[in-house]
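*Asks:* Handing you a structure now.
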Amino acid sequence: MEEGNRSTVTEFVLLRLTKSSELQLLLFVIFLAVYSTTVLGNLLIVALVACEPHLHTPMYMLLGNLSFLDFCYSSITAPNLLAGFFIQAQIISYRCCMAQIFFFHFIGGIKIFLLTIMAYDCYVAIFHPLRYMVIMNQAVCVGLVGASWAGGFIHSIIQVSIIVQLPFCSPHELNNFYCDVPQVIKLACVDTFAVELLMVSNSGLMTLLGFLVLLVSYSVLLAKLSTRSSEGQAKALSTCASHLTVVTLIFGPCIYIYARPFRSFPMDKAVSILYTVVTPVLNPVIYTLRNKEVQLAVRKLRKLHL
């Protein structure tokens, strides 16, 4: 417990997305529809991958994991966003705030590592199709997915371990609709320059390097594929372009938030909404639901239940 002019903070106040009462109902309806679509779309993909035998391949196993992570990622923040439209002062306890930061970065870290694995899977599927099932066998796939979960846990626990050692003082208002590292650190009672440097190195630098690696990888793949004209290569070209779109949508906002000094800018909340609420609803459409095999599985599921 801090003494003197430092008070022990037991809760934080999350500020509303907007103070305009006219916009609140409209935004609530829009974001409720987006979140509901996110839940239904991603859980549908998880169910299809789990239930359809012909989707029990490494590629669809990775896509199923990504859909599950998108469902979890959105569920960590979207309920706070929706509740904020009706609660004047949304209170979150200190422990719940730390837990939210942990799970938010845990899931986010897994997604970053998983997208890297998916880039490798895409490379093997395109350039080594005859050896694909040998290289990306079930044991390798499970091991890579397990490694991504371990990497996400290590990334998140490091951040939370640093934050919980900081003393916090009043006022304790977070200028966001959920708890995150940049806003929480700014409420600390001590000089946070070294802590911010550690956080930027842990989150920002990791995200930036991961994005550059994936950008170069997919650019090389697209360049090689553009020289071929077969129907199969056209399909592979479309797949790589879709993957690159998702990578940009996920990594771009993260780089904006975490790879810079923790200062407030007018676009911060809009960018947070983009990568926590909007992107998870786009991933099923971009990655999976356009796939013919998935569409066939959806039709089979409909016939089965109808």
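*Asks:* Among Leu44, Leu15, which is the only one that is surrounded by fewer than 18 Cβ atoms within 10 Å (Cβ to Cβ) and not basic (Lys, Arg)?
*Replies:* Being surrounded by fewer than 18 Cβ atoms within 10 Å (Cβ to Cβ) and not basic (Lys, Arg) holds for just one of Leu44, Leu15, which is Leu15.
*Asks:* Right, something else. For region 164-180, check the following and say yes or no: at least one residue is outside any loop (DSSP other than H, G, I, E, B), open to solvent by 10 Å² or more (accessible area, probe 1.4 Å) and of a type in the set (Val, Ile, Thr).
*Replies:* No, region 164-180 contains no residue that is outside any loop (DSSP other than H, G, I, E, B), open to solvent by 10 Å² or more (accessible area, probe 1.4 Å) and of a type in the set (Val, Ile, Thr).
*Asks:* May I pose another question? Residues that are outside any loop (DSSP other than H, G, I, E, B), modelled with pLDDT of 90 or more and hydrophobic (A, V, I, L, M, F, W, C): does region 221-230 have at least one?
*Replies:* No, because not a single residue in region 221-230 is outside any loop (DSSP other than H, G, I, E, B), modelled with pLDDT of 90 or more and hydrophobic (A, V, I, L, M, F, W, C).
*Asks:* I've got another one for you. Please verify whether region 182-189 includes one or more residues that are modelled with pLDDT under 90, within 24 Å of Ala83 (Cβ to Cβ), in a loop (DSSP other than H, G, I, E, B) and not hydrophobic (A, V, I, L, M, F, W, C).
*Replies:* yes
*Asks:* Quick one: how many residues across region 238-248 are at pLDDT below 85 and open to solvent by 30 Å² or more (accessible area, probe 1.4 Å)?
*Replies:* Looking only at that region, the number is 5.
*Asks:* Here's a follow-up. Taking the conditions exactly as written (surrounded by fewer than 18 Cβ atoms within 10 Å (Cβ to Cβ), within 21 Å of the chain's Cα centre (by Cα), farther than 23 Å from Leu66 by Cα and modelled with pLDDT under 85), does Ser201 satisfy them or not?
*Replies:* When the stated conditions are applied, Ser201 passes them.
*Asks:* Which condition breaks for Val29 when tested against (1) more than 23 Å from Cys254 (Cβ to Cβ); (2) of a type outside the set (Gly, Ala, Ser); (3) at pLDDT below 90?
*Replies:* Of (1) more than 23 Å from Cys254 (Cβ to Cβ); (2) of a type outside the set (Gly, Ala, Ser); (3) at pLDDT below 90, only one is false for Val29: (3).
*Asks:* Just need a number here: residues in region 43-85 that are of a type in the set (S, T, N, Q) and either over 13 Å from the mean Cα position of the chain (by Cα) or closer than 17 Å to Cys141 by Cα (or both). Spell out the reasoning first.
*Replies:* In the first step, residues of region 43-85 are kept if they are of a type in the set (S, T, N, Q); the result is 57, 65, 67, 74-75, 77, 80.
Among the residues that remain, those that are also either over 13 Å from the mean Cα position of the chain (by Cα) or closer than 17 Å to Cys141 by Cα (or both) are: 57, 65, 67, 80.
Final tally of qualifying residues: 4.
*Asks:* Residues of region 142-159 being buried (at least 19 other Cβ atoms within 10 Å of the Cβ) and not aliphatic (A, V, I, L, M), which ones?
*Replies:* Result: Ser148, Gly152, His155, Ser156, Gln159.
*Asks:* Conditions first: (1) open to solvent by 10 Å² or more (accessible area, probe 1.4 Å); (2) assigned to a loop (DSSP other than H, G, I, E, B). Arg131 passes all but one, so which condition is the exception?
*Replies:* Among (1) open to solvent by 10 Å² or more (accessible area, probe 1.4 Å); (2) assigned to a loop (DSSP other than H, G, I, E, B), Arg131 violates only (2).
*Asks:* Turning to a different aspect of this structure: Go over the candidates Tyr60, Tyr73 one by one and state the one that is modelled with pLDDT under 90, of a type in the set (Ser, Thr, Tyr) and part of a helix (DSSP H, G or I). I'd like the intermediate steps shown before the answer.
*Replies:* Numbers: Tyr73 fails: modelled with pLDDT under 90.
After ruling out the rest, the residue left standing is Tyr60.
*Asks:* I would also like to ask the following. Which condition does Pro266 not pass, out of (1) assigned to a helix (DSSP H, G or I); (2) at pLDDT 75 or above; (3) surrounded by fewer than 19 Cβ atoms within 10 Å (Cβ to Cβ); (4) not aromatic (Phe, Trp, Tyr), if it passes all the others?
*Replies:* Pro266 satisfies all of (1) assigned to a helix (DSSP H, G or I); (2) at pLDDT 75 or above; (3) surrounded by fewer than 19 Cβ atoms within 10 Å (Cβ to Cβ); (4) not aromatic (Phe, Trp, Tyr) except (1).
*Asks:* Please verify whether Phe104 is surrounded by fewer than 18 Cβ atoms within 10 Å (Cβ to Cβ), touching a helix residue (DSSP H, G or I) at 6+ places or on another chain (Cβ under 8 Å) and at pLDDT 90 or above, treating the condition exactly as stated. Steps first, answer last, please.
*Replies:* On the way: surrounded by fewer than 18 Cβ atoms within 10 Å (Cβ to Cβ): no; touching a helix residue (DSSP H, G or I) at 6+ places or on another chain (Cβ under 8 Å): yes; at pLDDT 90 or above: yes.
It is false that Phe104 is surrounded by fewer than 18 Cβ atoms within 10 Å (Cβ to Cβ), touching a helix residue (DSSP H, G or I) at 6+ places or on another chain (Cβ under 8 Å) and at pLDDT 90 or above.
Yes/no per residue for (1) in contact with a helix residue (DSSP H, G or I) (Cβ under 8 Å, 6 or more places away or on another chain); (2) closer than 19 Å to Thr116 by Cβ; (3) open to solvent by less than 10 Å² (accessible area, probe 1.4 Å):
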| position | (1), (2), (3) |
| --- | --- |
| Pro53 | no, no, no |
| Met59 | yes, yes, no |
| Leu62 | yes, yes, yes |
| Phe68 | yes, yes, no |
| Phe71 | yes, no, no |
| Ala78 | yes, no, yes |
| Leu81 | yes, no, yes |
| Ala89 | no, no, no |
| Ser93 | no, no, no |
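*Asks:* Oh, and also: Out of the residues in region 107-125 that are in contact with a helix residue (DSSP H, G or I) (Cβ under 7 Å, 6 or more places away or on another chain) and aromatic (Phe, Trp, Tyr), state the one that is most open to solvent (accessible area, probe 1.4 Å).
*Replies:* To start, the set of residues in region 107-125 that are in contact with a helix residue (DSSP H, G or I) (Cβ under 7 Å, 6 or more places away or on another chain) comprises 107-119, 121-125.
From what's left, aromatic (Phe, Trp, Tyr): 113, 123.
Numbers: Phe113: 69, Tyr123: 89 Å².
Looking at residues that are in contact with a helix residue (DSSP H, G or I) (Cβ under 7 Å, 6 or more places away or on another chain) and aromatic (Phe, Trp, Tyr), I get Tyr123.
*Asks:* Checking Arg16 against (1) more than 30 Å from Gly143 (Cβ to Cβ); (2) not in a loop (DSSP other than H, G, I, E, B), which single condition isn't satisfied?
*Replies:* Here Arg16 meets the rest and fails (2).
*Asks:* Among the residues of region 271-298 satisfying the criterion of being at pLDDT 75 or above and open to solvent by 50 Å² or more (accessible area, probe 1.4 Å), which is farthest from Gly108 (Cα to Cα)?
*Replies:* Taking the candidates together, the pick is Leu296.
The values are calculated or read from the model by the stated rules, or taken from the named source; none is laboratory data. All values reported here derive from a predicted model rather than from experimental measurement. Note: ideal-geometry Cβ built from the backbone for every residue, glycine included; neighbour counts use all protein chains shown. The accessibility values were calculated without ligands, DNA or RNA, using every heavy atom of the protein model including side chains. Shrake-Rupley method; radii C 1.70, N 1.55, O 1.52, S 1.80 Å.
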